[in-house]
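The values are calculated or read from the model by the stated rules, or taken from the named source; none is laboratory data. These figures come from a predicted structure and were not determined experimentally. Methodologically, a virtual Cβ is constructed for each residue, glycine included, from the backbone with ideal geometry; neighbour enumeration extends over all protein chains shown. For the accessible areas, the whole protein counts, side chains as well, though only heavy atoms, and no ligand, DNA or RNA atoms are used. Shrake-Rupley method; radii C 1.70, N 1.55, O 1.52, S 1.80 Å.
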Amino acid sequence: MPPPDYCHEDDSICCIKGRNYTTYECSPPISRSTKAVLNLNSFEEGGDGGKPSKCDDKYHSDHTPVVALSTGWYSSGSRCLKNITISAKGRSVDAMVVDECDSSMGCDKKHYYLPPCDNNIVDASQAVWRALGLPLDDWGDMDITWTDA
């Protein structure tokens, strides 16, 4: 659990003491139109991930279209530095996979006391959300489809 004063009362993303969180080793099968949930994430230094991206040990600008995939889709890094195509509301954008959204573990110091990701997550930089033409009010999480580019 997070140390005292690590999380704020209104910070709903930190793990909650006594709560059990589902973990996953796999993700839904990939198709030409794989359903997923798009989350907003910053890959910049000091951003949401907290550390450099797993694929290249670098930080990435919020102005660059990059993503992290749930553990199963990340596939032990087999998609690292490859593009996927994300589609929502009639628009598409290519983004490079630079990180894993860990579905198999969480709630510890290594994971910044965050719960494990669901098995159907695409964490995306601001650039992805902008390229999809989504209004700021819609940023956060959204149902999308994706495929390997």
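Some points to look at:
- Where strands (runs of 3 or more DSSP E) sit wholly within segment 86-149, those with at least 2 residues that are among the acidic types (Asp, Glu) occupy 91-101, 141-148.
- Residues within segment 11-69 that are surrounded by 13 or more Cβ atoms within 10 Å (Cβ to Cβ) and assigned to a strand (DSSP E or B), tallied: 10
- The residue that is modelled with the lowest pLDDT, among those in segment 77-125 that are of a type in the set (Asp, Glu) and farther than 21 Å from ASP56 by Cα, is ASP108.
- Filter pass, PRO65 being closer than 19 Å to SER27 by Cα and in contact (Cβ under 8 Å) with a residue 12 or more places away in the chain: no
- Pairs linking a residue in segment 2-23 that is of a type in the set (D, E, K, R) to a residue that is open to solvent by 80 Å² or more (accessible area, probe 1.4 Å) and at pLDDT 60 or above, with Cβ atoms under 8 Å and 6 or more positions apart or on different chains, do not occur.
Residue-by-condition table, conditions (1) under 20 Å from THR145 (Cα atoms); (2) modelled with pLDDT of 85 or more:
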{"position": "HIS8", "(1), (2)": "no, no"}
{"position": "THR34", "(1), (2)": "yes, yes"}
{"position": "SER42", "(1), (2)": "no, yes"}
{"position": "ASP56", "(1), (2)": "no, yes"}
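- Residue pairs whose Cβ atoms lie under 7 Å apart, sitting 6 or more positions apart in sequence or on different chains, and linking a residue in segment 45-57 that is at positive phi to a partner that is buried (at least 17 other Cβ atoms within 10 Å of the Cβ) and part of a loop (DSSP other than H, G, I, E, B), are GLY50/TYR112.
- The set of residues from segment 134-148 being modelled with pLDDT of 95 or more and either open to solvent by 30 Å² or more (accessible area, probe 1.4 Å) or small (Gly, Ala, Ser) (or both) comprises ASP143, THR145, THR147, ASP148.
- All positions within segment 80-106 that are closer than 21 Å to GLU44 by Cβ, crowded, with 18+ Cβ neighbours inside 10 Å and either out of contact with any helix residue (DSSP H, G or I) (no Cβ under 7 Å at 6 or more places or on another chain) or not hydrophobic (A, V, I, L, M, F, W, C) (or both): CYS80, ILE84, MET96, VAL97, VAL98, ASP99, GLU100, CYS101, ASP102
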